[in-house]
1. Using the Karplus curve 6.51 cos²θ - 1.76 cosθ + 1.60 with θ = phi - 60°, what ³J(HN,Hα) values do you get for each residue of the range 95-111, in whole Hz, with x for Gly and Pro?
2. Step through the residues of the range 47-53 one at a time and calculate ³J(HN,Hα) from phi using the Karplus curve (6.51 cos²θ - 1.76 cosθ + 1.60, θ = phi - 60°), rounding each to whole Hz and writing x for Gly and Pro.
3. Amide H neighbours of Arg36 under 5 Å, at least 5 residues apart or on other chains, H built in the peptide plane: list them.
4. When the Karplus curve 6.51 cos²θ - 1.76 cosθ + 1.60 is applied with θ = phi - 60°, which whole-Hz ³J(HN,Hα) does each residue of the range 75-82 get, with x for Gly and Pro?
5. Using all alpha carbons of the range 71-119, what is the percent of pairwise distances in each 5 Å bin, ordered from the shortest bin to the longest?
6. Counting Lys and Arg as +1 and Asp and Glu as -1, each charge on the Cβ, what is the dipole of the chain about the Cα centre in debye, to the nearest 20?
7. For Ala84, list long-range residues whose amide hydrogen, built 1.01 Å from N in the peptide plane, is under 5 Å from its own amide hydrogen.
8. Helix-only mean residue ellipticity at 222 nm, the chain, DSSP H runs n ≥ 4 weighted -39,500 (n - 2.57), per residue, nearest 500. What is it?
Amino acid sequence: KTIRAGADPEDADGDGISGRVNTVWDFDKNQAAMGRYGWKAGQPSVRQQTTAASGTEWRTPPLWGIGLAKTVSPEATFLHDGRARNLLEAILWHGGEAALARERLQQMSKAEREALLAFLNSL
């Protein structure tokens, strides 16, 4: 099933989920294209998303309320691409500028890690 075929803007199938394809302008191809990347699928390609991204689109959201994420949505995932299933995985997936934080976490005792996670879940 293609993305366009799965569009259901008026929830005609009654499953409680509605969605529509966002058609955007592809500057590389000089034509309309299906949006697939960025906020509300506002860009047609990773290249165009990267070019258009403002500092807020790639910024890590504040941690306030992160402890309630699974309560609000049991399927909640973490990191910008959702690859971390929990907060511990989110920390362990970090690299680049956050590599030192990941290394420090890995050096913590089990009790220290549990205390850190308890703190994060209290936010």
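A short reminder: the numbers here are calculations on the coordinates, not readings from a lab. Quick caveat: nothing in here was measured; it's all calculated off a predicted structure. No Cβ is skipped: glycine too gets one built from the backbone with ideal geometry, and neighbour counts run over all protein chains shown.
1. After applying 6.51 cos²θ - 1.76 cosθ + 1.60, I find x, x, 4, 9, 4, 5, 5, 4, 4, 5, 4, 5, 8, 5, 6, 4, 5 Hz.
2. 4, 5, 4, 5, 5, 8, 4
3. For Arg36, whose amide H was placed from the backbone, the distant partners under 5 Å are Gln43, Ser45.
4. With coefficients 6.51, -1.76 and 1.60, one gets 8, 4, 10, 10, 6, 4, 10, x Hz.
5. Reading upward from the zero bin: 5, 20, 25, 26, 15, 9, 1.
6. Working: 15 positive and 15 negative charges, 64 e Å.
So the dipole magnitude of the chain works out to roughly 300 debye.
7. It is Phe78, by chain and number.
8. Result for the chain: -9000 deg cm²/dmol, rounded to the nearest 500.
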